[in-house]
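A short write-up of the structure that comes next.
The values are calculated or read from the model by the stated rules, or taken from the named source; none is laboratory data. None of these values were measured; they are calculated from a predicted model. FYI the Cβ positions are ideal-geometry reconstructions off the backbone, even for glycines, and counts take in every protein chain you see.
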Amino acid sequence: MKTTIKLAVASALVAAATSANAGIVIPAGDWTLDIGGVVNAYYTHTNFSGDMMNGAGTDDSQANITTGLLPNVLSVSGKTRQNDLDVTFTIAINPGASTQGSGIQSAQQENRQAFLTFGDKSWGSIKLGKDLGIYASDAILNDMTLLGVGSGAGALAGNTTTLGRIGTGFMYADWKSQIAYSSPNWNGFQFTVGLTQAWDPAAVGVNAVAQRGTFRRGDSQTAYEGKASYDWTGDVAGKVWTSFFTQEVEVPAAGANSERATAWDIGANVNAAGFGLTGYYGQGKGTGTTVLLNGGFDAAGKRRDSKDWYVQGTYTIPGVGTKLGVSYGESELEYNRADAATRDFENSMWTVGAYHPLTKHLNLVAEYSSQKVEDDGSFDGKAKTVSLGAILFF
């Protein structure tokens, strides 16, 4: 397995059966199996103020021991070369690490990956199954809180993960059933296009958009997603990318016709002499905030505009390997003037963090995040979270 933090995260999130991402490699007849994964846990303490308090009159706080933004992962991948095709599969399980009731030892479990690929380096590859979504995937893969906690430690303890910077700088790429084609890598340039499973808009209140939505499959049509990127190496290395999402949806409003939700983004990451700089910006119409189609339509069935952006700076101490970082981001959802029930919604957060590789597989993490949620004057709250813990890649 790669020993740098960024590549370890990428291999954990987007498992691929290649020797470059190898964890525990086992030859098995025509196949080469790769068993890998992630184990992490954090102590978190969150202070709430304003309208985010659990009780009235005084500030409230909550302490938890839970996983961070990354889930715990046990992944089994396999690869083989047959009939001039590279064939792979990945199946992963994601057990939670937090329990909140005496005598109840189970935590929420998810199954985020189950897919196969086939192709050849001369013409690309095709993926079928459930994996990380295409739109906004590079935004989360370049987020430093991927190794830590970010926001949501108080509200989501007991679930599989916290939110990191999801909803405070970018839309969640999520884990989606998909059929996708990825091109060969042409000297750093590559693109992916695909069909992904449609979701219906989530019927949630404006304040609830800070949390994960629950979606059901209904009359909406297949979604289309794609991305293109170019990366380069050298003394000044980096990557630029752009992606899109579009889906026709049946809006849950009386008499409303079908509408098309669309989003696009652009981002860049540059690294030189231990310094790293990341910038990201995205816009959507009808796509909502935090997770796709969450609050994207008003009560009259009209699309709401949204935007997401974050900036991030990091520095890796030479000879020590500790990465220090600071980032700030915002996610905004605009109201529609024709619908008095909607309000402007803004969710912002700044984070400072230290990520130290204690060994080539084990990283110690310390973070402080300050989140602010407001919706045009009627709701104004803050959540400040300190988190300390460790994350292991194998």
So which pairs qualify, if the first residue must be in the range 345-364 and over 18 Å from Gly325 (Cα atoms) and among the charged types (D, E, K, R), the second must be in a loop (DSSP other than H, G, I, E, B) and modelled with pLDDT under 95, the Cβ gap must be under 7 Å, and the two must be at least 6 apart or on different chains?
Lys360/Thr3
Looking at the range 268-303 only, could you name the residues that are within 26 Å of Phe189 (Cβ to Cβ) and surrounded by fewer than 20 Cβ atoms within 10 Å (Cβ to Cβ)?
Ala268, Val270, Asn271, Ala272, Ala273, Phe275, Leu277, Gly279, Tyr281, Gln283
Could you please give the count of residues in the range 26-45 that are surrounded by fewer than 14 Cβ atoms within 10 Å (Cβ to Cβ) and touching a residue at least 12 places away in the same chain (Cβ under 8 Å)?
2
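Here is a yes/no grid of residues against (1) buried (at least 17 other Cβ atoms within 10 Å of the Cβ); (2) at pLDDT below 60:
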| residue | (1), (2) |
| --- | --- |
| Gln190 | yes, no |
| Trp199 | yes, no |
| Asp219 | no, yes |
| Thr233 | no, no |
| Ala237 | no, no |
| Phe245 | yes, no |
| Val251 | yes, no |
Before we move on, is Ser306 in contact with a Leu (Cβ under 7 Å, 6 or more places away or on another chain) and either crowded, with 24+ Cβ neighbours inside 10 Å or not in a strand (DSSP E or B) (or both)?
yes
Go through the residues of the range 328-351 one by one and say whether even a single one is more than 16 Å from Phe170 (Cα to Cα) and assigned to a strand (DSSP E or B).
no
The listed residue being of a type in the set (Asp, Glu), surrounded by fewer than 22 Cβ atoms within 10 Å (Cβ to Cβ) and at pLDDT 95 or above, out of Glu346, Glu367, Glu330:
Glu330
Tally the residues that are in contact with a Leu (Cβ under 6 Å, 6 or more places away or on another chain), of a type in the set (Ser, Thr, Tyr) and modelled with pLDDT of 90 or more, restricting the search to the range 137-177.
3
Contacts under 6 angstrom Cβ, first residue in the range 373-388 being touching a residue at least 60 places away in the same chain (Cβ under 8 Å), partner of a type in the set (Asp, Glu) and part of a loop (DSSP other than H, G, I, E, B), 6 or more apart
Phe379/Asp51; Asp380/Asp51; Gly381/Asp51
So how many residues does the range 283-303 have that are under 18 Å from the mean Cα position of the chain (by Cα), assigned to a strand (DSSP E or B) and not polar (S, T, N, Q)?
2
Is the range 35-50 home to any residue that is modelled with pLDDT of 70 or more, in contact with a Pro (Cβ under 8 Å, 6 or more places away or on another chain) and not in a helix (DSSP H, G or I)?
yes
